[in-house]
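Colleague: Following this message is one structure expressed as structure tokens.
The values are calculated or read from the model by the stated rules, or taken from the named source; none is laboratory data. This is a predicted model, so every value here is computed, not measured. Reconstructed Cβ throughout: ideal geometry from the backbone, glycine too, with neighbour counts over all protein chains shown.
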Amino acid sequence: MFDITKIVRPNILALQPYSSARDEFTGSAGIFLDANENPFGALNRYPDPLQKELKQRIAEIKSVSPENIFLGNGSDEAIDLCYRIFCEPGIDKALTFTPTYGMYQVSAAINNVTLVNLPLTCDFQVDFNRLSKVLEDDTVKLLFICSPNNPTGNTLKGVETIIKNFKGIVVVDEAYADFSGTSLVATLHNYPNLIVLQTLSKAWGLATVRIGMAFASTPITALFNKVKPPYNISMLNYTAALKALGNTEQYGQQVKLLVAERNKMAGALSRLPMVTKVYPSKANFLLVEVTNADAVYQKLAAQGIIIRNRNKVVANCLRISIGTPDENRILLNALQQIT
Ligand code: PMP
């Protein structure tokens with residue numbers, strides 16, 4: 001039987017969370033003199049700390065219960081809170097599969113947690129032999145799996161096997177899942193140790209709004225709510241998100257268009273002489289191997305076209321986001337001119 005209290009840091013278990021008068025009062029009131037706000041203006045009130053209406057809307061879209069949702073100031077906040085909840089600084093460890101999203105490492109360092117980096121195989125999959133050796137270390141409390149993975153673009157196989165066999169918490173970062181059409185959100189009820197991260201920053205086109213979602217069992221979302229800053233989602237962002245989530249049609253059309261553009265770009269890029277490999281992608285970006293990544297990066301930058309040089313992470317590789325059809329065409333033209 002999975003026992004969450006064995007994984008949580010003892011100080012977090014014992015923590016008395018911050019509570020405001022508005023959390024405690026459940027009736028309806030017309031006069032609020034409890035939070036030292038300025039009584040004048042349109043932006044003068046603190047936002048709802050539990051974001052009830054927005055969670056209700058996300059719950060409908062994702063077919064989960066609102067209690068299984070935590071909202072962070074970007075999924076970056078949820079990543080940070082995972083370390084704070086589950087890893088005792090200087091003692092516990094976390095694990096991830098590299099190359100992957102850089103914030104797992106940065107957040108680990110900020111929280112004084114050692115992150116074990118297990119290299120993916122040459123086709124960017126989990127090396128299960130090495131994983132089972134590493135997991136003999138029971139100070140590893142947290143495991144980050146990014147699928148589709150940034151920057152490689154592929155989905156990882158065997159994720160559910162890992163969740164079933166790992167005694168700690170598995171965070172599956174699905175920031176790009178809208179583009180792959182696969183998600184573990186529907187399996188949440190099977191796995192009390194699973195946290196699925198998604199974001200409004202990619203397919204929903206709301207990167208400026210900074211809203212990330214963690215889907216998990218209620219004991220886990222309760223822990224997130226206990227440690228989060230009380231007003232972590234701004235009311236302006238909240239309102240913008242609610243409005244955008246009302247238009248699932250535009251979301252669906254954009255995802256379809258970006259996936260089609262991705263597939264077209266993969267073909268077109270692979271025909272360029274400088275390109276030695278385009279890795280298959282299920283995300284809204286492509287990892288592209290070229291003969292000289294630094295030179296290509298510099299030449300594009302000189303023309304005002306910024307891509308991501310990942311040469312130091314995967315030799316001679318560039319990560320290219322899928323833009324509008326016009327932007328993609330301009331990029332292809334620019335690459336054709338580069339010798
Ligand atoms: N996870 C992955 C894999 C990402 O690539 C990113 C953004 N680049 C994030 C999380 C962070 O997203 P957010 O904007 O929700 O903080």
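Colleague: In the range 80-110, what residues are among the small types (G, A, S) and within 11 Å of the ligand (Cβ to nearest atom)? Even if it seems obvious, please write down each step before you answer.
Modeller: Quick first cut of the range 80-110, residues among the small types (G, A, S) only: 90, 94, 102, 107-109.
G102, S107 - these are the residues of the range 80-110 that are among the small types (G, A, S) and within 11 Å of the ligand (Cβ to nearest atom).
Colleague: Could you list, in sequence order, the residues of the range 197-216 that are surrounded by 20 or more Cβ atoms within 10 Å (Cβ to Cβ) and not aliphatic (A, V, I, L, M)? Let's see the steps before the verdict.
Modeller: First, the residues of the range 197-216 that are surrounded by 20 or more Cβ atoms within 10 Å (Cβ to Cβ): 197-200, 202-204, 209-216.
Answer for the range 197-216, where residues must be surrounded by 20 or more Cβ atoms within 10 Å (Cβ to Cβ) and not aliphatic (A, V, I, L, M): Q198, T199, K202, W204, R210, G212, F215.
Colleague: Turning to a different aspect of this structure: For the range 309-339, which positions are outside any loop (DSSP other than H, G, I, E, B) and either in contact with a Phe, Trp or Tyr (Cβ under 6 Å, 6 or more places away or on another chain) or crowded, with 17+ Cβ neighbours inside 10 Å (or both)?
Modeller: The first filter runs over the range 309-339 and keeps only residues outside any loop (DSSP other than H, G, I, E, B), leaving 309, 317-321, 325-337.
N309, C317, L318, R319, I320, S321, N328, L331, L335 - these are the residues of the range 309-339 that are outside any loop (DSSP other than H, G, I, E, B) and either in contact with a Phe, Trp or Tyr (Cβ under 6 Å, 6 or more places away or on another chain) or crowded, with 17+ Cβ neighbours inside 10 Å (or both).
Colleague: Is there a residue in the range 4-23 that is closer than 23 Å to L242 by Cα and either in contact with a Ser or Thr (Cβ under 8 Å, 6 or more places away or on another chain) or not acidic (D, E) (or both)?
Modeller: Step one: list which residues in the range 4-23 are closer than 23 Å to L242 by Cα, which gives 22-23.
From what's left, either in contact with a Ser or Thr (Cβ under 8 Å, 6 or more places away or on another chain) or not acidic (D, E) (or both): 22.
Yes: one or more hits.
Colleague: Name the residue, out of I163, I169, that is touching a strand residue (DSSP E or B) at 6+ places or on another chain (Cβ under 6 Å), more than 20 Å from D76 (Cα to Cα), β-branched (V, I, T) and modelled with pLDDT of 95 or more.
Modeller: Working: I169 fails: more than 20 Å from D76 (Cα to Cα).
Only one candidate qualifies: I163.
Colleague: Hey, could you check the range 183-203 for residues that are of a type in the set (S, T, N, Q) and free of Cβ contacts under 8 Å to residues at least 60 places away in the same chain and say which is farthest from D3 (Cα to Cα)? Steps first, answer last, please.
Modeller: We begin by selecting, within the range 183-203, every residue of a type in the set (S, T, N, Q); these are 183, 187, 190, 193, 198-199, 201.
Then drop every residue that is not free of Cβ contacts under 8 Å to residues at least 60 places away in the same chain, which leaves 183, 187, 190.
Numbers: S183: 25, T187: 19, N190: 14 Å.
Among those that are of a type in the set (S, T, N, Q) and free of Cβ contacts under 8 Å to residues at least 60 places away in the same chain, it is S183.
Colleague: On to the next question. Restricting attention to the range 181-231, report how many residues are assigned to a helix (DSSP H, G or I) and within 12 Å of the ligand (Cβ to nearest atom).
Modeller: 3
Colleague: A further question on this structure: In the range 62-71, what count of residues is obtained for those that are within 13 Å of the ligand (Cβ to nearest atom) and touching a Leu at 6+ places or on another chain (Cβ under 7 Å)?
Modeller: Within the range 62-71, the subset within 13 Å of the ligand (Cβ to nearest atom) is 70-71.
Among the residues that remain, those that are also touching a Leu at 6+ places or on another chain (Cβ under 7 Å) are: 71.
Qualifying residue count for the region: 1.
Colleague: Would you confirm whether or not the range 258-275 contains a residue that is more than 30 Å from Q56 (Cα to Cα) and polar (S, T, N, Q)? Outline the logic, then answer.
Modeller: Step one: list which residues in the range 258-275 are more than 30 Å from Q56 (Cα to Cα), which gives 260-275.
Now drop any that are not polar (S, T, N, Q), which leaves 263, 270.
Within the range 258-275, one or more residues are more than 30 Å from Q56 (Cα to Cα) and polar (S, T, N, Q).
Colleague: Would you call G267 surrounded by fewer than 18 Cβ atoms within 10 Å (Cβ to Cβ) and either within 16 Å of the ligand (Cβ to nearest atom) or closer than 22 Å to R329 by Cβ (or both)?
Modeller: Details: surrounded by fewer than 18 Cβ atoms within 10 Å (Cβ to Cβ): yes; either within 16 Å of the ligand (Cβ to nearest atom) or closer than 22 Å to R329 by Cβ (or both): yes.
Here the answer is yes, as G267 does meet what is asked.
Colleague: Here's a follow-up. Tell me whether the range 151-172 contains one or more residues that are crowded, with 21+ Cβ neighbours inside 10 Å, within 29 Å of P229 (Cβ to Cβ), within 14 Å of the chain's Cα centre (by Cα) and of a type outside the set (A, V, I, L, M).
Modeller: No: the range 151-172 contains no residue that is crowded, with 21+ Cβ neighbours inside 10 Å, within 29 Å of P229 (Cβ to Cβ), within 14 Å of the chain's Cα centre (by Cα) and of a type outside the set (A, V, I, L, M).
Matching residues to (1) touching a residue at least 24 places away in the same chain (Cβ under 8 Å); (2) farther than 24 Å from I12 by Cβ; (3) surrounded by 18 or more Cβ atoms within 10 Å (Cβ to Cβ):
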site: G41; (1), (2), (3): no, yes, no
site: N44; (1), (2), (3): no, yes, no
site: E67; (1), (2), (3): yes, no, no
site: G74; (1), (2), (3): yes, no, yes
site: F86; (1), (2), (3): yes, no, yes
site: F97; (1), (2), (3): yes, yes, yes
site: A109; (1), (2), (3): no, no, no
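Colleague: Could you identify the single residue in T100, T96, T121 that is among the polar types (S, T, N, Q), in contact with a Cys (Cβ under 7 Å, 6 or more places away or on another chain) and within 26 Å of A177 (Cα to Cα)? Step through it out loud before you land on a result.
Modeller: Numbers: T96 fails: in contact with a Cys (Cβ under 7 Å, 6 or more places away or on another chain); T121 fails: in contact with a Cys (Cβ under 7 Å, 6 or more places away or on another chain).
Answer to the selection: T100.
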